[in-house]
Amino acid sequence: MESETNALQAMSGQEKIIAQGNTLVKLENNTQMAISVQRPRKEVDILSASLKELELYPSMAREALYVKPVGKDDTGVMKSVEGLSIRAAESIANRWTNSAYGCELVSEDDESALIAGVFLDYENNTRHVVQARVSKFYKKRNGQVVQHTPDRFDTVIKANQSKVLREVILRSLPAGLKKEYENKVRRILKADSISNIRNSLMERIENLNIPVELIETCRGKAIKDMKKEELTEIVGLTNAVRDGEVSINEAFPAKKTGATESKPGLEIKDTQVVSDAGDAGATEGGK
């Protein structure tokens, strides 16, 4: 004990703060683990509460899924992936008792920043970590590579933190819980009226500053003429834009006719919601 006291006294002010912070974190972890033993989670209650939220707030279903274009196949048809959004992931995770999650900036240099998302399960004594390196540079539509301004890069970091959080949360939660939640979301969306979906979409694209003409040009028809399935897909695309999964131009690319693009003036020039998070990786395991 005396040696620990002498060691603490020999530290600088910053070192003391770090050491005291580590002690508090360790104390908090030990407390959480003790609580998890006394009050083990009840998965049936967690599932029930998660699905009940969707029943109480059906509009949440329109926030819960994202659609992300991933490129064209060999026939030239655009392919996409779908999944639970960060809003959905956080909603379920907040009910997954005896756990904690977060995302922090780990390091930064002149070229990039490293962020890490962590999910701790105190009851199972396991940990999931997802890391992503975020570049401070991006490529403009004319091919020029430029650096983000400091304010802009802060926004880019926050968007990438949302992506990392979603990934680490969804990796940590049971597959069955996620599937039941997603199935409930899709049933609600299927039962929703086309007018509700259309009105929600119009409000969403206004909040995200996406020109209506850009979407209509991309899809080749007016929003008022789209079927429910088309509107639902576009809602998912706007969720991806909101969460920083894709840029506006990636979600709604202008159609090409020969060597020229139709109505190029409708594109959002040199816009990138987030920079690409390369060097991503993950580790997991028990303590």
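The values are calculated or read from the model by the stated rules, or taken from the named source; none is laboratory data. This structure is a prediction, so every number in the text was calculated from the model and none was measured. Here the Cβ positions follow ideal geometry from the backbone for every residue, glycine too, while neighbour counts run over all protein chains shown.
Where strands (runs of 3 or more DSSP E) fall entirely within the range 119-164, those with at least 3 residues that are under 13 Å from residue 108 (Cβ atoms) are at 126-135. Residues in the range 113-134 that are surrounded by fewer than 18 Cβ atoms within 10 Å (Cβ to Cβ) and polar (S, T, N, Q): 124, 125, 126.
For the structure I just gave you, tell me whether residue 152 is basic (Lys, Arg), more than 30 Å from residue 52 (Cβ to Cβ) and in contact (Cβ under 8 Å) with a residue 24 or more places away in the chain. In short, no.
Looking at 241, 274, 246, 235, can you tell me which residue is in contact with a helix residue (DSSP H, G or I) (Cβ under 6 Å, 6 or more places away or on another chain), in the same structural domain as residue 136 (by TED's automatic domain parsing), part of a loop (DSSP other than H, G, I, E, B) and modelled with pLDDT of 50 or more?
Values: 241 fails: part of a loop (DSSP other than H, G, I, E, B); 274 fails: modelled with pLDDT of 50 or more; 235 fails: part of a loop (DSSP other than H, G, I, E, B).
Testing whether each residue is in contact with a helix residue (DSSP H, G or I) (Cβ under 6 Å, 6 or more places away or on another chain), in the same structural domain as residue 136 (by TED's automatic domain parsing), part of a loop (DSSP other than H, G, I, E, B) and modelled with pLDDT of 50 or more leaves just 246.
Looking across the range 54-81, just one residue is crowded, with 21+ Cβ neighbours inside 10 Å and in a loop (DSSP other than H, G, I, E, B), and that is 64. Go over the candidates 122, 101 one by one and state the one that is among the hydroxyl-bearing types (Ser, Thr, Tyr) and out of contact with any Phe, Trp or Tyr (no Cβ under 8 Å at 6 or more places or on another chain). After ruling out the rest, the residue left standing is 122.
The set of residues in the range 94-127 that are farther than 18 Å from residue 158 by Cβ and in contact with a Leu (Cβ under 7 Å, 6 or more places away or on another chain) comprises 96, 99, 100, 127. The condition of being assigned by TED's automatic domain parsing to the domain that holds residue 192 and either modelled with pLDDT of 90 or more or among the acidic types (Asp, Glu) (or both) holds for only one of 58, 69, that being 58. If I filter the range 82-91 for residues that are at pLDDT below 95 and in a strand (DSSP E or B), do I get at least one hit? So far as the range 82-91 goes, yes, one or more of its residues are at pLDDT below 95 and in a strand (DSSP E or B).
Every residue, every condition in (1) at pLDDT 95 or above; (2) touching a Gly at 6+ places or on another chain (Cβ under 7 Å); (3) of a type outside the set (A, V, I, L, M, F, W, C), yes or no:
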site	(1), (2), (3)
105	no, no, no
118	no, yes, no
133	yes, yes, yes
141	no, no, yes
159	no, yes, no
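Selection of first residues in the range 170-198 that are closer than 21 Å to residue 224 by Cβ and of second residues that are of a type in the set (Gly, Ala, Ser) and at pLDDT 95 or above, restricted to Cβ pairs under 9 Å at least 6 apart or on distinct chains, gives the following pairs, ordered by first then second residue: 189/61; 189/64; 192/61. Residue-level analysis places residue 179 among those that are part of a helix (DSSP H, G or I), assigned by TED's automatic domain parsing to the domain that holds residue 123 and surrounded by fewer than 18 Cβ atoms within 10 Å (Cβ to Cβ).
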